[in-house]
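Chemist: Below is the structure I would like to discuss, written out as structure tokens.
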Amino acid sequence: MADKKEETKKIEEEKQEQQPEKKKPEPEPEEEKPEPKPEVKKSKEEKPMGSLKASIKAHILQTTIHALDHLANEALFQVKPQGIKVELVDNAHVAMATMEISPKAFEEYKATSLEIGVDLTKFNEILKLARSDDVVNIEFNCEGKGENCMYIQVRNIIRRIGCLDCAGMQKPKVPTLQTNAEATIEAGALMLGIKAAAQITDHLRLTMNKKAMEVYNEMDADFTKIPYDNSDGGPLLEINAPQKTVAMYSIDYLTNILKIAKNDTPIRLAISNDSPIKINYEFADGNGNLEYLIAPRIESE
């Protein structure tokens, strides 16, 4: 009996050896968890801090805006208690303007230091509704209202204008010009010469010498020549040109720059040979100042 038990045990062991080993189930792959994306902080629009409350005659404000809007649609107004300053360059980078206006030009002026991005087109829309002698009220107070808006009132019309983000508006670098000829002439007389030259071509040649200044241009057989001398009672009020100096400029730019000046406004011109011209004059009874730089046109040979 013992032998049979041992034999049976051996047979069972052999059967177990012959059976294939059961494979252990492979563990299921873990689902890959997406890596957390870094949190992107949204940049908030930088709102200017400060306030401006002012009242000004419509014709002065219209002059201020028209002095700039022919060069660009947007402008960065640098507001201070001492007044307002604007510097801008046109899109073609041919001309640059610097406008300054003092508190004396206003009926009322209260301001802290701040910068305001102004849409000149929108500003012009409301000014078209104003009469020349109307008083325009302007208010900008982001400290109190927490908004980047300007309120403009003409008579009983109140307009809110959204201002531009100053962070995207750059101040141009104003170059220092070395000029060797200067003249001062009445705006009306200079504009007459420019209009005459515009009948021939779109540019003119400006010449200065010791005693006179001349506007000249030509095309084919036609030419226009407008001389100005510094005789008593003449429109050429002053000239300082130790040697003959000549440069050529765009008539369109000159016309747009001078069209807001009154006929008897003294216009100061400064040039060098084939170099930019500097044009400077005052407005608002001497309480505002405009300065322009215009690149020359170089004659191709």
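Chemist: Taking 45 Å as R0, compute the FRET efficiency from the Cβ-Cβ separation of Ala167 and Ala221 and round it to 0.05.
Modeler: It comes to 0.20.
Chemist: Determine ³J(HN,Hα), in whole Hz, for all residues of segment 275-280 in sequence, where each value follows from phi through the Karplus function 6.51 cos²θ - 1.76 cosθ + 1.60 and θ = phi - 60°; x replaces Gly and Pro.
Modeler: 10, x, 9, 9, 10, 9
Chemist: Taking loop as defined by DSSP and a crowding limit of 15 other beta carbons within 10 Å, which trypsin sites (Lys or Arg not before Pro) in segment 156-201 fit? Numbers along the way, then the final one.
Modeler: Details: sites: Arg159, Arg160, Lys173, Lys195; in loops: Lys173.
Answer in residue order: Lys173.
Chemist: Let me ask another. Quick check: net charge around Asp252, other residues with Cβ under 13 Å of its Cβ, Lys/Arg +1 and Asp/Glu -1?
Modeler: Numbers: positive: Lys195, Lys259, Arg297; negative: Asp90, Asp202.
Within the 13 Å Cβ shell, the charges total +1.
Chemist: Each residue of segment 91-97 in order: what ³J(HN,Hα) in whole Hz does its phi give by Karplus 6.51 cos²θ - 1.76 cosθ + 1.60, θ = phi - 60°, with x for Gly and Pro?
Modeler: 4, 7, 6, 9, 10, 9, 10
Chemist: Can I ask one more? Where nothing but the Cβ of Lys and Arg (+1) and of Asp and Glu (-1) is charged, how large is the charge dipole of segment 181-294 around its Cα centre, in debye to the nearest 20?
Modeler: That gives a dipole near 140 debye.
Chemist: Tally Lys and Arg at +1 and Asp and Glu at -1 over the other residues with C-beta under 9 Å from the C-beta of Ile279: what net charge comes out?
Modeler: +1
Chemist: Give me D for segment 183-301 in µm² s⁻¹, whole number, from Stokes-Einstein with Rh from the Kirkwood sum over alpha-carbon pairs, 25 °C and 0.890 mPa s.
Modeler: The estimated diffusion coefficient comes to 170 µm²/s.
Every number in this text was worked out from the coordinates using simple rules, so none of it is lab data. These numbers come from a predicted model, not from an experiment. Counting neighbours? That spans all protein chains shown, and the Cβs are built from the backbone with ideal geometry, glycine included.
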